[in-house]
1. Taking strands (runs of 3 or more DSSP E) that fall entirely within the stretch 252-351, which contain at least 1 residues that are more than 44 Å from the chain's Cα centre (by Cα) and surrounded by fewer than 18 Cβ atoms within 10 Å (Cβ to Cβ)?
2. Quick check on residue 238: is it more than 47 Å from the chain's Cα centre (by Cα) and either loosely packed, with under 14 Cβ neighbours inside 10 Å or assigned by TED's automatic domain parsing to the domain that holds residue 152 (or both)?
3. Name the pairs whose Cβ atoms lie under 9 Å apart, with the first residue in the stretch 136-147 and within 17 Å of residue 272 (Cβ to Cβ), the second outside any strand (DSSP E or B), and 6 or more positions between them or separate chains?
């Protein structure tokens, strides 16, 4: 009986001990959880380092955005610092001092600042280099006074357009009559220049000349006409016309000579390249020919109204007889101009 009581007491004591131990364990777990919650709230409120535990990121989603923004900012600053360290003179690195902290194993090579360019050096490069490729060339030519505008197409090819004009009084005595007249020259040229040698200004030129070159002259042939008429019958009498009227100004001949065709080919050579590399002021010359064709001559007799009607028909007939071969004679005498020589001298300037 005593042994049974003793066992019962031992079982009660054991149960009390186990219950006390369980109570202590439960209380310690509750205290630990309470401490963790309090520490987490304290860190969030005081701005200490943000927890990166999954449970905390789920509980406080705004902290994840703060972490992402902070990381991006740090990465951007690090990348810009590295970029400016390698390229310190880039415009994006103004005001940023390159960091001396290089990544392990990476050696930074200093980039020297570009040397300042003086205004004198810039002008020297402009004066020795290629200019605009446009030039003008005033000249004196057998086509008249004028000038050309030259444009560089390639290093070996230039194109130019020129205008030349001239007028002067002349005496034309290429036939049996003497003509007092005017020589009129007007030419527009469109030419291509080929420079076969790079180191030389020598050129071969070809193109077209648009011309209005002519001679207009007048010859007094009154004495020749009177000699051709001789004696005439008037009022039943035979008289010498020179005894009846003043033959001065009885007949004049107007000659119109077109020296060249309106459009003619040109072929020539020359020297000087006005649009050469670095060329400014220069000298140039040309020698060539215009294939203008044979001159075209028109001769027209003029009889003034002062000539009496009684003699007018005889005067007209005598004048026609005189000019029958006059046009052909003048054309034959001026046929050498069918290949019209062109010589010119001038200066050039490239802008």
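The values are calculated or read from the model by the stated rules, or taken from the named source; none is laboratory data. Please read all numbers here as calculations on a predicted model, not as lab measurements. When we count neighbours, we look across all protein chains shown, and the Cβ atoms used for this are built from the backbone with ideal geometry, even at glycine.
1. Answer list for the stretch 252-351: 252-258, 296-302.
2. yes
3. 136/274; 136/351; 137/272; 137/274
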